[in-house]
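Comments concern the structure below.
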Amino acid sequence: MIRLALLRHGHTAWNRAGRIQGRSDIALDDTARAELAAQALPEDWQGADLWSSPLQRAQETACLVTGRAPHTSPALIEMNWGDWEGQHGTRLRAEPGSGFRDIEYWGWDYRPPGGETPAEVWDRLRPWIASLERDSVAVCHIGIMRMILARAHSWNFDGPAPFQVKRNRLFVVEVDGAVLTPWHAPVRLEKRTS
């Protein structure tokens with residue numbers, strides 16, 4: 001059995017403005033950099049393999065928290081939000097013809113215009129997860145975390161999620177073949193001591 005810990009990247013200007021980032025390669029903001037530089041992985045995770053999305057906000061988060069460069073995998077890139085990328089979710093929600101709905105009500109087959117379905121995201125994640133050979137930390141995006149945690153919690157995007165993705169926490173799943181088992185509570189990052 002392998003443990004996989006998922007860590008969401010730090011804030012960007014687009015996060016703070018409520019814009020949908022998707023695959024846009026937006027850097028961390030200065031406040032996020034300072035916060036992340038003051039944090040570290042818990043000791044139990046410091047020897048784990050380190051992975052990240054190829055997007056700079058994830059790679060930089062990994063480097064700041066661990067002091068080392070991560071392996072990157074295209075499987076961990078954020079889901080493709082298509083035509084909604086760069087737009088504000090609140091504005092899309094207010095436009096009756098936009099087709100926008102919160103991801104909690106997508107199901108596995110809903111596709112944002114020009115984007116990816118959760119099922120397609122899972123199809124690219126599954127082989128990457130199966131390839132892990134030892135405990136790993138993956139610094140990635142909320143969309144990626146939702147797909148993995150949805151499978152672990154048997155949640156089908158059919159109402160409120162049984163988990164809430166927060167920053168500065170490791171969301172751990174145990175991987176045993178094709179079976180993902182979630183830990184009940186996330187693990188907080190620690191304050192850096194040196």
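The values are calculated or read from the model by the stated rules, or taken from the named source; none is laboratory data. Everything quoted here is computed from the prediction, not taken from an experiment. Every residue, glycine as well, gets a Cβ built from its backbone with ideal geometry; the counts of neighbours run over all protein chains shown. Surface areas here come from the heavy atoms of the whole protein model, side chains and all, with no ligands, DNA or RNA. Shrake-Rupley method; radii C 1.70, N 1.55, O 1.52, S 1.80 Å.
What does the charge count near residue 106 come to, summing +1 for each Lys or Arg and -1 for each Asp or Glu among other residues with Cβ under 13 Å from its Cβ?
-3
Count Lys and Arg as plus one, Asp and Glu as minus one, and take only other residues whose Cβ is under 9 Å from that of residue 81; the net charge is then -3. Taking only Cα atoms, what is the 0 to 90° angle, nearest 10, from helix 118-131's long axis to the longest principal axis of the chain? Between the helix axis and the principal axis of the chain, the angle is about 20 degrees. Average accessible surface for the chain: 48 Å² per residue, computed with a 1.4 Å probe over protein heavy atoms with every protein chain in place. For region 139-193, the equivalent ellipsoid derived from the alpha-carbon gyration tensor has semi-axes of 21, 14, 10 Å in decreasing order.
Along the axis of the charge dipole computed for the chain (Cβ charges of +1 for Lys and Arg, -1 for Asp and Glu, origin at the Cα centre), the listed residues 77, 131, 117 are led at the positive end by 77. Of the listed residues 78, 133, 35, the order by accessible area with a 1.4 Å probe, largest first, is 133, 35, 78. The residues packed around residue 117, meaning those with a beta-carbon under 10 Å from its beta-carbon, carry a net charge of -3 if Lys and Arg are +1 and Asp and Glu are -1.
Using the Kirkwood radius over Cα pairs, work out the Stokes-Einstein diffusion coefficient for region 93-194 at 20 °C and 1.002 mPa s, in µm²/s as a whole number.
D = 141 µm²/s.
Taking all protein chains together and rolling a 1.4 Å probe, residue 91 ends up with roughly 150 Å² accessible.
Net length available on complete extension from residue 184 to residue 102 is 27.1 nm, with 0.36 nm assigned per residue and the Cα-Cα distance removed. Full extension of the chain between residue 90 and residue 164 yields a length gain of 24.7 nm, computed as 0.36 nm times the residue separation minus the alpha carbon distance.
Could you list the square roots of 5 times each eigenvalue of the Cα gyration tensor of region 17-131, that is, the equivalent ellipsoid semi-axes, sorted largest first and rounded to whole Å?
Square roots of five times the eigenvalues give 29, 19, 11 Å.
Using only side-chain charges placed at the Cβ, +1 for Lys and Arg and -1 for Asp and Glu, the dipole size of the chain relative to its Cα centre rounds to 420 debye.
Between 106, 9, 36, the Cα set farthest toward the positive side of the dipole of the chain (charges on each charged residue's Cβ, about the Cα centre) is that of 36. Extension gain for residue 155-residue 176 works out to 5.7 nm (0.36 nm per residue, less the C-alpha to C-alpha distance). Using only Cα atoms, tell me the angle between helix 56-66 and the longest principal axis of the chain; keep it within 0 to 90° and round to the nearest 10. Value to nearest ten degrees: 30. Using Cα atoms only, what is the angle between the long axis of helix 142-153 and the major principal axis of the chain, expressed in degrees (0 to 90) to the nearest 10? Between helix and principal axis, roughly 80 degrees.
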